[in-house]
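Throughout, read-outs are computed from the coordinates displayed, never taken from laboratory work. Values in this document were obtained by computation on a predicted structure and should not be read as measured data. Cβ atoms come from the backbone with ideal geometry, glycine included; neighbour counts cover every protein chain shown.
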């Protein structure tokens with residue numbers, strides 16, 4: 001499978017009254033066609049900004065963007081606004097976090113859903129657009145779709161609204177669906193329905209999915225590959241099964257162990273990561289996680305580690321502990337060792 | 001249970017109905033009963049709108065119950081004498097969900113934490129200040145933070161301030177209303193571990209309200225599951241997660257993704273259809289019947305009562321009871 005998206009050394013910063021915020025600091029990522037890449041991290045780690053850059057939703061100025069973002073070979077950052085409009089909503093669809101605010105309250109659902117179609121296929125007949133809208137509403141599991149076209153967002157429950165948002169995102173059959181925390185605002189039983197739906201649509205249409213989330217559970221349900229973000233950088237990247245089995249960046253380990261798991265009994269201990277993420281107004285010179293990491297070396301505080309490829313896999317971690325010299329001196333940073341030493345166990 | 005010591009807090013058939021304009025009634029809490037022994041933690045879980053927050057607020061007296069009663073140390077909280085009432089408002093405290101809106105932005109942290117001390121006249125002057133410093137150090141903040149304002153703190157630190165405020169009046173019982181859901185993952189475990197260590201140190205009793213079932217399992221000895229204003233199942237937490245009996249609990253547990261792709265992909269998920277009905281004039285009979293895969297005629301007609309089906313495991317479902325008896 002070819003690469004659908006290639007992001008190279010992307011940096012995004014925003015000028016504010018308080019100075020410049022370095023939200024994304026040198027991110028490189030690829031998304032292959034038809035795969036689900038999960039981007040995981042806490043709020044403020046740059047995951048949403050990276051996704052929004054893909055659709056060029058971030059106005060420059062006030063933001064400054066550098067690096068390369070290629071979609072099917074075309075450099076998105078170099079396109080004109082008009083060329084970009086042809087991609088937005090057609091080739092790339094997006095689902096936002098909060099279905100309450102991403103629908104227009106004054107516009108009928110049917111009109112909102114077909115807006116993309118009317119924009120990208122101006123020659124399409126009205127009846128045909130309506131037929132497509134009904135079809136896509138049925139596809140996302142909205143009952144009696146023909147009766148819903150004339151309704152408004154307020155008449156829908158949270159789960160139904162998110163389904164309508166998904167319908168809107170997929171109506172032009174995009175090659176890439178960006179789902180930015182699609183279930184965070186929803187209850188767990190609704191979340192299960194929506195995840196099941198996104199997974200099914202991915203299988204049916206063969207589109208790639210970029211799933212942005214902070215919930216490792218959601219990731220394990222959906223993702224084929226994972227990129228873990230911290231303080232505007234990718235700290236670990238690899239196939240989902242690998243990252244879960246052999247998390248190799250101290251932050252990933254801490255993230256996995258700071259949530260209790262439902263399938264383990266109550267004796268499991270919960271790791272607390274001391275401190276808070278760094279201030280991105282003045283990002284640290286070295287690794288963003290060094291100040292919270294029990295294993296930090298001297299070099300961690302002064303130099304950012306490049307991604308080190310791990311043995312026998314497409315898995316990499318940006319952590320000096322994986323440098324050949326560190327490996328020779330300290331040995332393999334196994335999951336057990338990281339768990340013991342990274343954080344203070346309770 | 002007979003023979004055991006009196007529970008610290010008890011809710012008996014507690015009801016809280018809101019009158020809506022136009023004459024309809026919103027039954028936020030519709031007859032829930034539970035007891036929390038001193039020093040223990042009860043988890044109250046459910047999806048948004050199920051009435052768990054309203055139940056918690058009613059328990060500490062923020063809403064007067066419209067039916068049933070709350071017993072605190074065996075006394076009905078509606079008919080307390082003036083001095084008992086003051087003791088109750090002091091000994092039952094609350095930690096709120098949103099650390100951004102629950103702290104007054106125009107007060108210093110010291111005054112926020114000290115407000116309860118002033119109201120209950122626990123100490124003044126130098127002693128008061130020392131107590132505030134002690135409380136701040138309890139929750140992992142420093143002395144000098146007392147002179148700052150809430151906007152200078154991160155979400156996790158603000159939640160610590162909220163916890164210090166609730167501890168200021170030496171409570172026995174704290175309702176923790178979604179204390180971690182507004183926080184980031186790496187900060188959540190800090191706050192949870194703090195709450196657990198405070199409980200061990202001060203012998204606190206918690207009602208832990210949350211929609212986060214994994215966290216509830218970790219923190220609570222016992223869990224009660226709410227659906228549309230009623231408790232559908234209550235059991236010791238390991239047992240509830242090992243062997244849920246109510247169809248709603250089963251679906252709820254199966255809906256939570258587990259952070260392990262191999263396990264996750266082999267799990268069988270029960271997908272519920274539809275949405276939670278409105279608590280305004282809820283359906284007669286079992287509240288869960290419209291979404292329940294098992295529902296029969298009896299369920300639509302008659303509301304099941306919460307019955308003990310195994311040792312300290314109660315469930316409100318016609319099917320479970322008929323199997324057992």
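Quick notes on this one:
- Residues A:136, B:45 arranged by fewest to most Cβ contacts within 10 Å: A:136, B:45
- Sites residue A:33 and residue B:170, calculated FRET efficiency, Cβ-Cβ separation with R0 51 Å, nearest 0.05: 0.25
- Residue mean of other protein chain beta carbons inside 10 Å, B:248-258: 5
- In chain A, the longest principal axis of the Cα atoms and the axis of helix A:158-170 are about 80 degrees apart.
- Between helix B:155-167 and chain B: long-axis angle, C-alpha atoms, 0 to 90°, nearest 10: 80
- Within the listed set A:65, A:212, A:178, the Gaussian network model of chain A (springs between alpha-carbon atoms below 10 Å) gives the highest mean-square fluctuation for A:65.
- Chain A: most fluctuating residue of A:146, A:224, A:35 per GNM, C-alpha cutoff 10 Å: A:146
- The per residue volume of the convex hull around the alpha-carbon atoms of the range A:50-136 is 133 Å³.
- With R₀ fixed at 51 Å, the C-beta to C-beta distance from residue A:16 to residue B:6 puts the FRET efficiency at about 0.35.
- Over the range B:9-324, the pair-distance histogram of Cα-Cα distances with 20 Å bins from zero comes to 30, 55, 14, 0 percent, rounded to whole numbers.
- Rg and Dmax of chain A, Cα atoms only, in Å: 21.3, 70
- Neighbour counting of Cβ atoms within 10 Å sorts the residues B:153, A:281, fewest neighbours leading, into A:281, B:153.
- Alpha-carbon spread of the protein assembly as shown, three principal axes, descending order, Å: 76, 64, 47
- Computed E for residue B:19/residue A:130 - FRET, C-beta separation, R0 45 angstrom, nearest 0.05: 0.55
- Within the range B:223-264, all pairs of alpha-carbon atoms sorted by distance into 10 Å bins from zero give the percentages 28, 49, 19, 3.
- The mean number of Cβ atoms from other chains found within 10 Å of a Cβ in peptide A:146-159 is 1, as a whole number.
- Taking every residue in B:66-73 and counting other chain Cβ atoms within 10 Å of its Cβ, the average works out to 0.
- Taken over the Cα atoms of the range A:246-342, the convex hull encloses 119 Å³ per residue.
- Antiparallel DSSP beta bridges within the range B:9-324, percent to nearest 5: 60
- Largest GNM mean-square fluctuation across A:148, A:268, A:304, computed for chain A with C-alpha springs under 10 Å, falls on A:268.
- For the protein assembly as shown, the 222 nm mean residue ellipticity estimated from helices alone, with every DSSP H stretch of n ≥ 4 adding -39500 (n - 2.57) and the total spread over all residues, rounds to -10000 deg cm²/dmol.
- When you count the other C-beta atoms within 10 angstrom of each residue and take the mean per peptide, A:79-92, B:239-252 line up highest first as B:239-252, A:79-92.
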